[in-house]
Amino acid sequence: MVYKFGLIGHPIEHSLSPWIHSEFLKLAGLDGEYILYEGNQQVLPSVIKQLKEQAIDGFNVTVPYKQVIVDYLDELDPDAEILGAVNTVVNQNGKWKGYSTDGEGYVRSIVDRYPALLNRETSVLLLGAGGAARGIYRALGQQQVKRIDIANRSKEKAEDLLPLRFGNVQTSVLSYPEAELKLAEYDLVVQTTSVGMKPNVDKQIISLTNLRTQTVVSDIVYQPIMTKLLADASKCGASIHHGHAMLLYQGQLAFEKWTGKNLDVTHLVDKLENKLRGV
Ligand code: ATR
């Protein structure tokens, strides 16, 4: 069979997903294609019609359609329902089911790189409270870590994440200055805002003065690969985790849902980094 996958969103012309999924198809020994369906709000219904007609096997959904896509689905995974967002749709015998793979993709990426990091003693600091933070907050909670504090510019927006709390995880909502003071308490710091992204590469969301060398600092921004925050963390002697790994593992999880193949993609982290660096 020849698999048909794709991505809907706007703008998506620079998406790395076609490259990622062609690597996965090669690795799995499967035939298939991954097409970009670029379109603004007006064309969404006709794009959806096209995907239905060609019986697409699965597709990814990105900005600005992660919420509105729900109207076109037959079924919603419970986590996607709680998060109120879908980034992966699976065609199950003609019925479309929506999932959110952002958070689990992030968790897979960090567990692959730091297998002993997440456990019942782990304290996490989440920086930011947007769409990406929501998925990561939920998925880290599902790993049964001890604490996930959320720091955000607007504390009200951070409080919106509290209903996503999983199990017994403890959470305090902090301002950035409060988080900077408590920095030595965390095993993992996850930066989820767009601060530091190209072209604003000289921006850094918090100061790392109080960082311990044992802490892992993770940034979901992957352009540039070495954000100012990560460079600073590295200078402090801490371990770092780059953003492109999340992208790869989100894709791995989507590919698994579409094909049933659970691929070992560890070696592709560096290959994707080289691609992003233009090597
Ligand atoms: P995404 O879906 O990519 O996570 P989003 O939902 O727009 O994007 O969320 C953006 C996040 O980045 C929010 O946490 C936002 O902080 P506020 O809720 O206080 O607005 C944060 N953010 C964006 N630009 C920022 C900036 N210049 N300084 C601090 N935080 C910023």
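Of note:
- Pick from the stretch 88-118, criterion open to solvent by less than 40 Å² (accessible area, probe 1.4 Å) and of a type in the set (Gly, Ala, Ser), ranking: farthest from the chain's Cα centre (by Cα): Gly98
- The criterion of at least 3 residues that are among the aliphatic types (A, V, I, L, M) is met, among helices (runs of 4 or more DSSP H) falling completely within the stretch 125-214, by 131-142.
- Verdict on Tyr34 being more than 19 Å from the chain's Cα centre (by Cα), crowded, with 19+ Cβ neighbours inside 10 Å and under 24 Å from Leu248 (Cβ atoms): yes
- Residue within the stretch 258-267 that is open to solvent by 70 Å² or more (accessible area, probe 1.4 Å) and over 30 Å from Lys95 (Cα atoms) present: yes
- Residue among Ala133, Ala179, Ala85 that is more than 29 Å from Gly6 (Cα to Cα), touching a residue at least 40 places away in the same chain (Cβ under 8 Å) and either buried (at least 20 other Cβ atoms within 10 Å of the Cβ) or under 16 Å from the mean Cα position of the chain (by Cα) (or both): Ala179
- The stretch 125-140, residues that are more than 13 Å from the ligand (Cβ to nearest atom) and closer than 27 Å to Pro64 by Cβ: Arg138, Ala139, Leu140
- All positions within the stretch 184-217 that are within 16 Å of the ligand (Cβ to nearest atom), farther than 20 Å from Lys275 by Cβ and under 18 Å from the mean Cα position of the chain (by Cα): Val189, Val190, Gln191, Thr192, Thr193, Ser194, Val195, Gly196
The values are calculated or read from the model by the stated rules, or taken from the named source; none is laboratory data. Note that this is a predicted model, so its numbers are computed, not measured. Methodologically, a virtual Cβ is constructed for each residue, glycine included, from the backbone with ideal geometry; neighbour enumeration extends over all protein chains shown. Surface accessibility is based on the protein's heavy atoms, side chains included, excluding ligands, DNA and RNA. Shrake-Rupley method; radii C 1.70, N 1.55, O 1.52, S 1.80 Å.
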